[in-house]
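Q: Have a look at this one before I ask anything.
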Amino acid sequence: MQQLTDAFARKFYYLRLSITDVCNFRCTYCLPDGYRPNGHDNKSFLSLDEIRRVSRAFANLGTEKVRLTGGEPSLRRDFCDIIAAIRENKTIRTVAVTTNGYRLARDVAQWRDAGLTAINVSVDSLDHRQFHAITGQDKFLQVMAGIDAAFAAGFEKVKVNAVLMRDVNDTSLNAFLAWIKPRPIQLRFIELMETGDGSDLFRKHHVSGGVIRTQLLAQGWQLQPRSRSDGPAQVFQHPDYQGEIGLIMPYEKDFCASCNRLRVSAMGNLHLCLFGEQGIPLRDLLADDLQQDALAMRIQGGLQTKKQTHFLHQGNTGITQNLSFIGG
Ligand code: SAM
Ligand code: SF4
């Protein structure tokens with residue numbers, strides 16, 4: 001089996017695949033004014049067959065894990081078919097989704113039947129008013145019911161993403177800890193990332209995940225080892241808690257050294273970094289089954305141009321206006 005490897009000997013086991021830019025939430029740090037079609041309609045996102053072909057190419061290049069993201073991936077009517085199409089690749093053992101949770105309560109059992117193996121739900125606050133203020137949607141209870149439904153459908157663990165923001169939720173660690181004490185939830189604080197649209201918000205609200213790490217270590221939490229297709233989180237456990245805490249700190253030194261993931265946008269462009277440049281078009285090679293070898297060569301060739309690190313520290317966010325089009 002071939003294995004995707006870049007010029008710095010990093011190996012890539014993990015694909016984050018965006019299947020739509022459309023979203024029904026208006027998170028302050030992502031789409032504060034809501035989704036606006038950017039000169040394309042829903043039909044121009046990757047079709048089910050294109051998704052099948054791109055996931056097959058990545059599977060043949062050693063990908064073990066695919067995360068479906070967006071926009072809000074569960075807004076696609078063919079979402080279950082997409083999950084099943086990716087599961088056709090026997091070497092892809094994990095098919096995960098990152099969702100705002102809007103459709104969880106209604107649909108999660110069907111997603112599981114289709115072959116979904118892991119779920120990340122975004123919940124930035126456990127206070128329903130604050131949740132509403134951040135997301136623009138008064139759906140806190142619906143999302144909580146969705147997490148319960150995920151456990152009821154048979155998921156043993158659910159990951160929850162919270163974007164850490166100064167003066168918003170940076171003093172909420174104890175509330176989150178109480179919530180995960182009896183629940184197998186991995187609560188992951190993601191440092192707010194600067195995007196082209198979000199510079200002011202970033203300056204106002206960015207705070208290092210280090211503040212959370214210091215509190216965790218003082219309370220007896222311990223850092224766990226990481227395996228090769230894991231995401232970028234530093235994971236902490238505590239013997240008194242069923243849940244875990246993850247910290248995603250893209251501004252920390254050496255964050256990029258353990259990069260193991262690539263991204264494909266909903267328009268079919270390969271992005272070597274969340275904060276990279278234009279993207280490498282793959283779509284012209286996704287129209288039929290005969291171009292799989294050329295597709296594999298373009299992915300492997302493109303990977304050789306992946307830079308050693310992002311340039312966020314220099315305030316260079318690449319072309320990333322917000323994370324909805326490339327999937328966070
Ligand atoms: N709509 C889905 C959701 O919100 O879970 C999936 C797409 S969303 C872009 C993926 C993740 O990126 C979410 O957990 C979201 O909180 C995170 N995100 C979006 N913008 C961000 C930013 N500027 N900084 C840090 N995380 C961000
Ligand atoms: Fe939508 Fe997710 Fe962006 Fe929030 S973070 S606006 S739910 S895509």
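Here, each number is a calculation from the coordinates, and none is a lab measurement. Quick caveat: nothing in here was measured; it's all calculated off a predicted structure. Here the Cβ is made from the backbone with ideal geometry for all residues, glycine too, and neighbour counts use every protein chain on show.
Q: Among Trp221, Trp111, rank each residue by its count of other Cβ atoms within 10 Å, from fewest to most, as a rough exposure measure.
A: Going from least to most buried by this count: Trp221, Trp111.
Q: Also, I was wondering about something else. Per DSSP H run of n ≥ 4, the term is -39500 (n - 2.57); total these for the chain, divide by its residue number, and report the mean residue ellipticity at 222 nm rounded to 500 deg cm²/dmol.
A: The helix contribution divided over the chain gives -8000 deg cm²/dmol.
Q: If you don't mind, there's one more thing I want to ask. Which of His128, His205 has the fewest other C-beta atoms within 10 Å, and how do the rest follow up to the most?
A: With the fewest neighbours first, His128, His205 line up as His128, His205.
Q: To continue, here is another question. Express the relative contact order of region 1-147 as a whole percentage, based on alpha carbon pairs under 8 Å and six or more residues apart in sequence.
A: In percent, rounded to a whole number, it is 24.
Q: Quick one: go through region 241-275 and flag any residue whose amide nitrogen is under 11 Å from the point 7 Å out along the Cα-to-Cβ line of Thr309.
A: 251-257
Q: What angle do you read, to the nearest 10 degrees and between 0 and 90, between the alpha-carbon axis of helix 48-60 and the longest principal axis of the chain?
A: 90 degrees
Q: On to the next question. Just to check I understand the Karplus step: with θ = phi - 60° and J = 6.51 cos²θ - 1.76 cosθ + 1.60, what whole-Hz values come out for region 202-209, glycine and proline as x?
A: 4, 4, 6, 10, 5, 9, 6, x
Q: Hand me the trypsin sites (Lys or Arg not before Pro) from region 254-283 located in a DSSP loop with no more than 11 other Cβ atoms within 10 Å, in residue order please.
A: Taking region 254-283 and a limit of 11 other Cβ atoms within 10 Å, no loop trypsin sites (Lys or Arg not before Pro) are found.
Q: Run the reach check for Lys65 against lysines, Cα to Cα strictly under 23 Å, same-chain hits fewer than 8 apart removed. What comes back?
A: Output for Lys65: Lys11, Lys90, Lys157, Lys159, Lys306, Lys307.
Q: Taking 25 Å as R0, compute the FRET efficiency from the Cβ-Cβ separation of Ser199 and His132 and round it to 0.05.
A: FRET efficiency, Ser199 to His132: 0.50.
Q: Same structure again: Percent relative contact order of the chain, based on C-alpha pairs within less than 8 angstrom and at least six residues apart?
A: That works out to 22 percent.
Q: While we're looking at this one, here's another question. What number in nm² do you get for region 1-138 if you take the convex hull of its Cα atoms and divide its surface by four?
A: Average of the hull's projected areas for region 1-138 equals 9.8 nm².
Q: Determine, from the Cβ-Cβ distance of Asp148 and Gln224 and an R0 of 22 Å, the FRET efficiency 1/(1 + (r/R0)^6), rounded to the nearest 0.05.
A: Result of the calculation: an efficiency of 0.25.
Q: Going highest first, how would you order 180-188, 93-101, 48-56 by mean Cβ packing within 10 Å?
A: In decreasing order of mean packing, 180-188, 93-101, 48-56 become 93-101, 48-56, 180-188.
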